Amino acid sequence: MNTELLKQHIATYKKWLSSNKEQAQQEQTERTKLSLEYQAYTKEKMLAMTEDDIFEYIAPLWAMLIWGNKQYVIDKLIADNGIELLKKQLTNLIWGADKIEARWDEFRKKIKGMGPAMMSELLCKTHPNDYLLWNRRALIAFDYLGISNLPRYDYQFTGKMYAALCQQGKEISKIMQEEKIVSTDLLAVDYFIWQELQVQSNLSKLSIGSSSSKDVAEQIEKAPKKEAEFIHNDIRDKVADIGRWLGFNAEVEKKVAAGAVVDTVWEVTIGNMGRVIYVFEVQTSGSIDSLILNLMKAKNNKAVQGIVAVTDQKQIERIKREIGDLNQFNGELKFWNYTEVLKVHESLQYVNESINNLGLVPLGL
């Protein structure tokens, strides 16, 4: 970490705090209020949460700003995971006795639809002295400060990685304290990051669009085997997010025909046509034959109007060779490079967050 650069920004921040005492006090009061609100969700209270309680717990998160219809998103979260598993895993993530590395990895393995931004925000607001809030803004700040080995993609975000980032956040907190900043917990670090470390030149450098398809494919291909499930599920969930932002009812791990449980479906009802379903199968590793067989079975559902294999360019070419003599597809199978999925997701996330920040749609509608 470039500590001299950090200290320069802390000095600027101290001047801002001194010149904007009323706003600074409001922000400190806001942080205290947020922490107290989330600390009120004790282990016992979380295990007893109803669906309405879960909405009240998750909907106010900053990470939820990308969604206009928060009720729909949280209803899907409950439906996809089951309320009992969701409550159990949320409680373990926040209050569990195991190290954060284990709790984090278990949560990501067992819960669909909640990524690092939401998870870290809940942890930070509940335990602001221990856990860092991680999102795109934190990535920009840490990169600017010269911190290396940062997770650019969600699949890289293991519990071990999160623990290491929290330690870096504590180093920033320590230096802020040494420089006589009054409030220096990791939630205060987040406010400092937003105020001082959003360097515009880093926005384009960190854009997925600046990485070539080959670079992304190589990074995913080289990922350790234990991360393979995270990679697959991350891309699967991003395809579902894209569908929801486009107005489809999107689900993951959905049975669409006998013997065919597919990674993601987009579904919509169109006038007299009835249900229209688009099926997506994600292939990051494993057998191509099983992917082809699953898509062939999915076609037996007459409502399925499109089937898409989501993978890298190398595997796209392999799949094309494999299905070359199969009349069942008859040119119907489409291909989506997962690099493009990441680009589209990042772009739509920015668009939705920007629009929703206007406050045009009341919370929960």
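So which of Lys43/Lys99; Lys7/Lys180; Lys33/Lys112; Lys45/Lys88; Lys70/Lys125; Lys110/Lys334 end up more than 18 Å apart, counting from Cα to Cα? All intermediate terms of the calculation are to be shown ahead of the outcome.
Values: Lys43/Lys99 16 Å; Lys7/Lys180 11 Å; Lys33/Lys112 29 Å; Lys45/Lys88 11 Å; Lys70/Lys125 20 Å; Lys110/Lys334 30 Å.
With Cα atoms farther than 18 Å apart: Lys33/Lys112; Lys70/Lys125; Lys110/Lys334.
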The chain: angle of helix 100-110 to the longest principal axis, Cα-based, in degrees nearest 10: 30
Would segment 3-212 count as rounded, prolate or oblate if I go by the C-alpha gyration tensor, calling it rounded below 1.5 in a/c and otherwise prolate when a/b exceeds b/c, oblate otherwise? prolate
Taking the Cα atoms only, what angle lies between the long axis of helix 21-39 and the longest principal axis of the chain, rounded to 10 degrees? 60
Over all directions, the chain yields a Cα convex hull whose mean projected area in nm² is 19.8
Going from the fewest other Cβ atoms within 10 Å to the most, one would list Thr50, Thr264 as Thr50, Thr264
Give me the angle, in degrees from 0 to 90, between the Cα long axis of helix 213-222 and the longest principal axis of the Cα atoms of the chain, rounded to the nearest 10. 80
Between Lys110 and Ala11, what is the FRET efficiency for a Förster distance of 45 Å, r being their Cβ-Cβ separation, to the nearest 0.05? 0.50
Among DSSP beta bridges lying fully in segment 222-347, give the percent that are antiparallel, nearest 5. 55
Test of the criteria: in segment 77-160, which trypsin sites (Lys or Arg not before Pro) are in a DSSP loop and have at most 13 other Cβ atoms within 10 angstrom of their Cβ? Lys99
Structure-based [θ]222 nm, the chain - -39500 (n - 2.57) summed over DSSP H runs of at least 4, per residue, nearest 500: -18000 deg cm²/dmol
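Computed from the coordinates by the stated procedures, all read-outs in this text should not be read as laboratory data. Please read all numbers here as calculations on a predicted model, not as lab measurements. Positions of Cβ are backbone-derived with ideal geometry, glycine not excepted, and every protein chain shown enters the neighbour counts.
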